[in-house]
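Below: the structure, in structure tokens.
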Amino acid sequence: DDDGLDSLDGGKPKNPNIQIYYANRSFCHIKMENFGSALVDASKAIDAKEDFPKGWYRRGSAHMALGRPKEAMRDFMQLCKLAPQDKDARDKLKQCQKQVNADKFAKAIGCEKTKPPSQTVDVAKMDVDSSYAGPVYDSGACTADFCRALMEHQRKELVIAKKFAYQIVLDMIEMLKGSSTLVDIEVPANGEVTVCGDVHGQFYDLLNIFNMNGVPSEDNPYLFNGDFVDRGSFSVEVILTLFAWKLAYPRHLHLARGNHETRNMNKLYGFEGEVTKKYDEELYQLFCEAFCLLPLCHVINNQVFVVHGGLFSKDDVSLDAIRKVNRDCEPPDEGLMTEMLWSDPQPGRGRMPSKRGVGVAFGQDVTENFLKVNNLKMVIRSHEMKEEGFEIEHGGKLVTVFSAPNYCDQMGNKGAFIRLDGKTMTPKYTSFSHVPHPNVRPMQYANPMLGQLMGM
């Protein structure tokens, strides 16, 4: 795709300043978080004029936003050669070098450790302050009453005691060890199930979903389809609430992993910073362990495939192949797991590289092939904001649901959830508006580096 703007005329580009166009368009893609497209345009700017500093700046920024500090460091090193007096360029390079070194150290430490955090933490030695007046968690006996008390406590901007937060996550890890990459959900003919999309740390909107649609129970099951955390500044409250309900109703509250239940995203978009601010680093490490054990997708009544991101870069992927995917890891650069977390639908047919730089954009024929191969009726996915909270695509065979209204306090969108009846699996859509929340801005705990990259 060269837009006809850099075609050659007598061996020279028609527009000698074409690199400026591509660098500016790369900047727009970065602001829209289409980091894959930003990489492409930044590379075109570099190809057009190799000594053009902004091309290297944009590409380094896109790499950093994708959690690729090694690649970003190479770009910023070249930028510093071209602009040795630019303090911002030197600062970016230092930040990348710091991140690369931190990642190397973490990897080395990880290799030395023989046990995961859940096997080294000692909750028994943790004391609960005598002044603590919040809900008390009884390990192995989580109840709906505790979940309600936890939500009310957190609604008042109070944190549950550290000992209880640790124990909830530890119990969740033990429960998820018995789960699988693909989970089958059975809904009786006279029952219904509610599917929710991204919540992204918007705790007060999560409370509103439960106010509108009822709290989870044996008669009111839920599936939350990933991206519980990051961006919104009440991610701790969201994830502890969902984990508690899962412990209370393990067969009626289902949780799928999203692309933000990963270390790379948490480091940039706020969850790591929030957990370490409200609790400590060790609890964050426990959350990471739990996230790696979350299922990647669900199938409801052998008819509806529910996944956070989308479908695959190849045809004829079977449910059995998905079941064999090892989920207990951070997502690799490519493959079935990464595509389930990151891919997006596109209009028309076929496949294209993703604007995000990860996963694939897939058309209606890809959806139809997947459904036919696996004898399924439809795909429900999340991962993208929609104005009404949901959008029906691919001839009605694919639906996106997004449950974070007025996303990041600025998008003005509605949230939505979907109810499916057990007899016909016919989707019913409910859109809803945002509700007020305490005066804490979104991205409060995000990595400052991200703001610098997005606002350059």
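Tabulated data for the structure shown
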item	result
Test result for ASP47, part of a helix (DSSP H, G or I), more than 28 Å from HIS260 (Cα to Cα) and over 24 Å from the mean Cα position of the chain (by Cα)	yes
Any hit, region 171-182, residues being within 23 Å of GLU237 (Cβ to Cβ), open to solvent by 40 Å² or more (accessible area, probe 1.4 Å) and at pLDDT 95 or above	yes
Region 186-204 - residue that is outside any loop (DSSP other than H, G, I, E, B) and open to solvent by less than 10 Å² (accessible area, probe 1.4 Å) and, of those, nearest to LEU341 (Cα to Cα)	ASP198
Output for region 150-170, where each listed residue is open to solvent by less than 50 Å² (accessible area, probe 1.4 Å) and of a type in the set (A, V, I, L, M, F, W, C)	LEU150, MET151, ILE160, ALA161, PHE164, ALA165, ILE168, VAL169, LEU170
Whichever residue in region 375-430 is in contact with a Gly (Cβ under 7 Å, 6 or more places away or on another chain) and of a type in the set (A, V, I, L, M, F, W, C) and, among such residues, is farthest from GLY359 (Cα to Cα)	ALA416
Flag for TYR269 being over 13 Å from the mean Cα position of the chain (by Cα) and hydroxyl-bearing (Ser, Thr, Tyr)	no
Count - residues of region 343-362 that are in a loop (DSSP other than H, G, I, E, B) and not basic (Lys, Arg)	9
Scan of region 124-154 for residues that are outside any loop (DSSP other than H, G, I, E, B) and either under 30 Å from VAL440 (Cα atoms) or at pLDDT 95 or above (or both), ordered by number	ALA144, ASP145, PHE146, CYS147, ARG148, ALA149, LEU150, MET151, GLU152, HIS153, GLN154
Total residues in region 3-29, condition open to solvent by less than 70 Å² (accessible area, probe 1.4 Å) and either modelled with pLDDT under 90 or at positive phi (or both)	8
Only listed residue being of a type in the set (A, V, I, L, M), surrounded by 17 or more Cβ atoms within 10 Å (Cβ to Cβ) and modelled with pLDDT of 95 or more, chosen from VAL401, VAL435, VAL373, VAL440	VAL401
Selection count where residues are more than 14 Å from GLN167 (Cβ to Cβ) and of a type in the set (Asp, Glu), scope region 132-150	1
Candidate set: region 50-62, residues that are over 21 Å from VAL358 (Cβ atoms) and in a helix (DSSP H, G or I); chosen: the one nearest to the chain's Cα centre (by Cα)	TYR57
Some residue of region 282-301 being of a type in the set (A, V, I, L, M), under 30 Å from ALA38 (Cα atoms), crowded, with 20+ Cβ neighbours inside 10 Å and modelled with pLDDT under 95	no
Search result, residues across region 44-67 that are small (Gly, Ala, Ser) and open to solvent by less than 30 Å² (accessible area, probe 1.4 Å)	ALA45, GLY55, GLY60, SER61, ALA62, ALA65, GLY67
Sole residue being in contact (Cβ under 8 Å) with a residue 40 or more places away in the chain and assigned to a loop (DSSP other than H, G, I, E, B), chosen from VAL159, VAL183, VAL169	VAL159
Tally of residues being in contact with a helix residue (DSSP H, G or I) (Cβ under 9 Å, 6 or more places away or on another chain), of a type in the set (D, E, K, R) and open to solvent by 20 Å² or more (accessible area, probe 1.4 Å) across region 242-271	3
Region 205-229, subset among the small types (Gly, Ala, Ser) and either open to solvent by 10 Å² or more (accessible area, probe 1.4 Å) or in a helix (DSSP H, G or I) (or both), residue farthest from VAL183 (Cα to Cα)	GLY214
Output for region 316-342, where each listed residue is free of Cβ contacts under 8 Å to residues at least 40 places away in the same chain and assigned to a loop (DSSP other than H, G, I, E, B)	ASP328, CYS329, PRO332, ASP333, GLU334, GLY335
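Every residue, every condition in (1) part of a strand (DSSP E or B); (2) hydrophobic (A, V, I, L, M, F, W, C), yes or no:
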site	(1), (2)
THR367	no, no
LEU371	no, yes
MET385	no, yes
LEU420	yes, yes
THR424	no, no
VAL435	no, yes
ARG441	no, no
MET449	no, yes
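The values are calculated or read from the model by the stated rules, or taken from the named source; none is laboratory data. Just so it is clear, the structure is predicted and the values come from calculations on it, not from any experiment. Cβ sites come from the backbone with ideal geometry, for glycine too, and all protein chains shown count toward neighbours. What goes into the accessible areas is simple: the full protein's heavy atoms, side chains included, and nothing from ligands, DNA or RNA. Shrake-Rupley method; radii C 1.70, N 1.55, O 1.52, S 1.80 Å.
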